[in-house]
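Here the structure is laid out as structure tokens; the discussion comes afterwards.
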Amino acid sequence: MQNHIRIIERMLLMKTIINDTSYCKVKGIQCDGYQLFKGIRYAKAKRFEKPKMVLSTDEIYNATKFGYTCPQPPQVNTSFYAHEFWSDKKYLTTNNEDCLCLNIWKPDNAENLPVAIWIHGGYFKTGCNSKMEVDGQHFADKGIILVSINYRVGILGFLCSDLISDENGLSGNYGIFDQLCAIDWIHKHIKSFGGNPDDITLMGQSAGAMSVQTLVSSPLLQNCIKKAIMQSGGGYNNGFNRNIRLEELKEIHKDVLTQMGIQSREELMSMDAMELLLKAEKVNVKMDKLLLLFCPVIDGYLLKDTYENIIKNGIKQIPYLVGCTKNDMFVKGSIEESPIYKGCTDFAKYVESPVYPYLFSRVPLDDTGEGAFHCCDLWYSFYTLDRNWRKKDKTDYELAYKTNLYWANFIKTGNPNGNGLPTWNEGEIMELKD
């Protein structure tokens with residue numbers, strides 16, 4: 001009963017605001033110096049089809065609570081990452097296939113500001129745009145609009161099969177098409193929120209960084225994307241990106257569907273979403289050791305070649321900020337032996353445009369052997385340390401301030417330097433540790 005009373009009290013204290021946009025009138029939350037709009041639907045999509053952007057409406061859209069999360073396996077409460085990033089239930093939302101929504105943090109009186117689009121990670125099978133480590137407040141404080149997006153994950157986002165192929169024989173990459181649709185929506189409407197539609201930075205971590213690299217490698221990406229940040233997932237031959245072609249992944253997924261007991265399109269389309277993904281997860285556990293079972297695919301349309309060939313011959317020539325953590329994916333040996341670290345440094349060698357590589361090596365005070373683990377830098381780049389359960393000291397807060405400011409500078413100018421920060425030379429690794 002006490003919890004219900006507190007929720008009601010918070011709702012009564014919440015100050016709302018109506019923003020008249022090109023999309024519709026949007027009801028959001030007025031915060032201290034910035035406004036937050038949650039769960040704005042940018043598209044709808046039938047299962048295993050490309051998304052369709054939601055058109056404008058005359059109704060007032062209630063954007064005061066986060067939208068649905070794409071159906072995904074439940075987090076195991078005892079797991080390391082569940083404890084680290086899923087422990088606060090107020091950031092969790094209900095699973096539903098109607099999940100193509102986004103959140104916007106904008107400064108008060110915003111006008112023609114740079115925009116950053118955040119793409120979450122999660123191995124392409126979990127994650128959402130409202131996770132507890134993500135918040136746009138500290139970017140809004142620095143004159144940046146942050147938009148975090150949802151996309152379809154797992155079997156719902158990346159299944160390749162002749163059972164669901166379109167008229168061109170293509171299937172898969174639905175989650176990436178969602179991201180492209182979100183970018184189009186943002187480009188179309190962000191001016192109404194005070195953003196510059198022609199100054200957008202893509203940023204993501206893990207599968208989100210892999211998504212960013214897929215997008216900047218695609219001929220379908222709009223020219224409004226001017227910069228990209230890839231945290232622990234981007235780079236050259238980095239051990240993450242699979243470089244798998246459509247026909248090959250179709251054969252793998254054919255075996256997956258057989259093990260799931262699915263033989264027809266009708267079964268795929270009619271099965272309850274949670275039943276579908278739980279069956280897929282059982283197969284995933286058996287087959288998916290170190291490779292990604294559901295992931296972006298080279299289909300000749302959205303993605304035309306391997307990531308390495310595209311880096312050498314056709315990646316979008318924009319400024320990049322790319323890096324990893326010292327113990328990414330629990331690497332224990334020399335950092336020079338880490339494929340993801342080498343992928344970042346090699347990326348800087350091959351790309352002609354400015355590249356700012358980094359290594360995040362700050363180890364938590366209460367480290368239990370994981371070191372500077374995969375994802376730990378997110379609390380620092382978003383400056384959301386207070387949401388994390390771990391012990392922190394002055395060094396942590398100073399590093400978080402510095403990291404967030406480097407990111408903000410890059411989003412604004414394509415160069416992380418300025419505001420009295422230590423100089424970060426183009427092409428040289430910046431170690432973020434204290």
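The values are calculated or read from the model by the stated rules, or taken from the named source; none is laboratory data. Computed from a prediction, not measured in an experiment: that's the story for all the values here. Cβ: placed from backbone, ideal geometry, glycine included. Neighbour counts: every protein chain shown.
Tabulated data for the structure shown
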| read-out | value |
| --- | --- |
| Count of region 190-215 residues which are surrounded by fewer than 23 Cβ atoms within 10 Å (Cβ to Cβ) and not basic (Lys, Arg) | 6 |
| Breaking point among (1) among the polar types (S, T, N, Q); (2) in a loop (DSSP other than H, G, I, E, B); (3) more than 22 Å from the chain's Cα centre (by Cα); (4) at pLDDT 95 or above, for Thr395 | (2) |
| Long-range neighbours under 8 Å by Cβ, at least six apart or interchain, first residue touching a residue at least 60 places away in the same chain (Cβ under 8 Å) within region 299-320, second part of a helix (DSSP H, G or I) and among the aromatic types (Phe, Trp, Tyr) | Leu302/Phe177; Ile311/Phe347; Ile311/Tyr350; Pro319/Phe410; Tyr320/Phe347 |
| Selection within region 333-345 - closer than 19 Å to Ser206 by Cβ and not polar (S, T, N, Q) | Ile335, Pro339, Ile340, Tyr341, Lys342, Gly343, Cys344 |
| Qualifying positions in region 363-392 - touching a helix residue (DSSP H, G or I) at 6+ places or on another chain (Cβ under 6 Å) and either of a type in the set (Lys, Arg) or part of a helix (DSSP H, G or I) (or both) | Trp379, Tyr380, Ser381, Leu385, Lys392 |
| Identity of the residue in region 350-368, closer than 30 Å to Gln137 by Cα and hydrophobic (A, V, I, L, M, F, W, C), that ends up surrounded by the fewest Cβ atoms within 10 Å (Cβ to Cβ) | Leu365 |
| Yes/no for Ala280 being small (Gly, Ala, Ser) and part of a helix (DSSP H, G or I) | yes |
| Candidates Ala63, Ala116, Ala110 - the one that is out of contact with any Asp or Glu (no Cβ under 8 Å at 6 or more places or on another chain) and over 27 Å from Asn409 (Cβ atoms) | Ala63 |
| Any hit, region 37-56, residues being assigned to a loop (DSSP other than H, G, I, E, B) and farther than 28 Å from Asp272 by Cβ | yes |
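Yes/no matrix, rows are residues, columns are (1) surrounded by 16 or more Cβ atoms within 10 Å (Cβ to Cβ); (2) within 28 Å of Asp386 (Cβ to Cβ); (3) modelled with pLDDT under 95; (4) in contact with a Pro (Cβ under 8 Å, 6 or more places away or on another chain):
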position	(1), (2), (3), (4)
Tyr23	yes, no, yes, no
Ile29	yes, yes, no, no
Tyr34	yes, yes, no, yes
Arg47	yes, no, no, no
Lys52	no, no, no, no
Tyr68	yes, yes, no, no
Trp105	yes, yes, no, no
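Let's see how each residue does on (1) within 23 Å of Phe139 (Cβ to Cβ); (2) surrounded by 15 or more Cβ atoms within 10 Å (Cβ to Cβ):
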residue	(1), (2)
Ile335	no, yes
Pro339	no, yes
Lys342	no, yes
Ala348	no, yes
Glu370	no, yes
Phe382	yes, yes
Arg387	yes, yes
Asn419	yes, no
